[in-house]
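Trainee: Sharing a structure here in structure tokens format.
The values are calculated or read from the model by the stated rules, or taken from the named source; none is laboratory data. Just so we're clear, the structure is a prediction, and the values are computed from it rather than from any experiment. A quick note on method: Cβ atoms are made from the backbone with ideal geometry, for glycine too, and the neighbour counts reach across all protein chains shown. Just the protein is used for accessible areas: all its heavy atoms, side chains included, with ligands, DNA and RNA removed. Shrake-Rupley method; radii C 1.70, N 1.55, O 1.52, S 1.80 Å.
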Amino acid sequence: MSCYKSGAGELFFGGPNGLTCFFPQDIRDNPHVPPVVITDVEVFNHRRSLSGDFKRLGRLRLGPGDRIVSFAFAALSFSDPRRNRYAYRIEGLDDEWIDIGNRHEVTVSNLRPGSYVFRVKGANNHGVWNEQGAALAITMSSPWWQSWWFRLPVFLLLLLALIQWNRSRTRRMAARIRTEAAMDKFYEKHGISEREKEILMLVLRGKSNKEIEDALFIAMGTVKNHIYNIYQKVGVKNRAQLMTLFKNLQVK
């Protein structure tokens, strides 16, 4: 490339596309504040219309499956569009503006359920920014299992199950108390000693004579004598009859 400056101060530049000439003092910064517009929205590569219901509602509504959203935008300054610059932020997600240079589109993924505002601002080729820019309100709805109309019935069912469990536990405790009271009366009626009570409870739990001997640290003969005495006192002949007797024990 060749260049030349005339006596009047005009500059001449020659190149493959011809001759360019100008007076440097005639060059002015571009003072134009460019309007910024959102030109396109795509959800999973499917375009969303920015007219009709969207204009009426003024909000972009996304479902739980809309995990990837792309926004395209433009600063309407045409002096040198390739040098226009952009920055964006998502209120509710980003605290600071994110400078993306001359890129005029951005993709956002994995938004959590909630409300957001996508904001974008732009500058012309001489760095004059439109600070107001353009904005788009976004609502990301929750999955059905996180919605109140699902959680409320689940909570009520759990509460009902807890109440039922507590009632059942109370009934079992009451039955146990009645059974213990009945056994105390039974022991008193048949003159069962404290040692015989211990052996009787082990028998009812299915323990063998050997296991009773080991548990109470007494001789085998002593175990057999106590079991024989229990049979005689309650009027049974073997363990099976003893088990049946206590199984049918009721509070009178």
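Trainee: Can you tell me which residue within the stretch 75-98, out of those that are surrounded by 14 or more Cβ atoms within 10 Å (Cβ to Cβ) and basic (Lys, Arg), is farthest from Val128 (Cα to Cα)?
Mentor: It comes out as Arg89.
Trainee: Okay, next question. Hey, Asp94 hits all of (1) under 22 Å from Asp40 (Cβ atoms); (2) touching a residue at least 60 places away in the same chain (Cβ under 8 Å); (3) assigned to a loop (DSSP other than H, G, I, E, B) but one; which does it fall short on?
Mentor: (2)
Trainee: Would you mind stating whether Ser147 is exposed (fewer than 14 other Cβ atoms within 10 Å of the Cβ) and under 30 Å from Glu42 (Cα atoms)?
Mentor: Yes: the conditions hold for Ser147.
Trainee: At pLDDT 85 or above, over 26 Å from Arg48 (Cα atoms) and outside any helix (DSSP H, G or I): does that describe Gly127? If you could, list the steps in order and put the result at the bottom.
Mentor: Values: at pLDDT 85 or above: yes; over 26 Å from Arg48 (Cα atoms): yes; outside any helix (DSSP H, G or I): yes.
Yes.
Trainee: Of all residues in the stretch 205-225, which are closer than 18 Å to Ala240 by Cα, open to solvent by 40 Å² or more (accessible area, probe 1.4 Å) and in contact with a helix residue (DSSP H, G or I) (Cβ under 6 Å, 6 or more places away or on another chain)?
Mentor: Asn209
Trainee: Now for a different question. Just the residues that are of a type outside the set (Ser, Thr, Tyr), under 56 Å from the mean Cα position of the chain (by Cα) and assigned to a loop (DSSP other than H, G, I, E, B), please, taken from the stretch 198-252.
Mentor: Correct list: Arg205, Gly206, Lys207, Asn248, Leu249, Gln250, Val251, Lys252.
Trainee: Being assigned to a strand (DSSP E or B) and under 26 Å from the mean Cα position of the chain (by Cα) is the filter here, so list the residues in the stretch 107-124 that pass it.
Mentor: Hits for the stretch 107-124 are Thr107, Val108, Ser109, Gly114, Ser115, Tyr116, Val117, Phe118.
Trainee: May I ask you to verify whether Arg103 is free of Cβ contacts under 8 Å to residues at least 24 places away in the same chain, surrounded by 10 or more Cβ atoms within 10 Å (Cβ to Cβ) and in a loop (DSSP other than H, G, I, E, B)?
Mentor: Yes, satisfied.
Trainee: I'm trying to understand the selection: among the residues of the stretch 106-125, which are touching a residue at least 40 places away in the same chain (Cβ under 8 Å) and open to solvent by 50 Å² or more (accessible area, probe 1.4 Å)?
Mentor: Listed by number, the residues that qualify are Ser109, Asn110, Pro113.
Trainee: If Gly9 passes every condition in (1) out of contact with any Phe, Trp or Tyr (no Cβ under 8 Å at 6 or more places or on another chain); (2) modelled with pLDDT under 75 but one, which one does it miss?
Mentor: (1)
Trainee: Go through (1) assigned to a helix (DSSP H, G or I); (2) open to solvent by 70 Å² or more (accessible area, probe 1.4 Å); (3) within 19 Å of Ala240 (Cα to Cα) one by one and return the number of the condition Arg195 breaks.
Mentor: (3)
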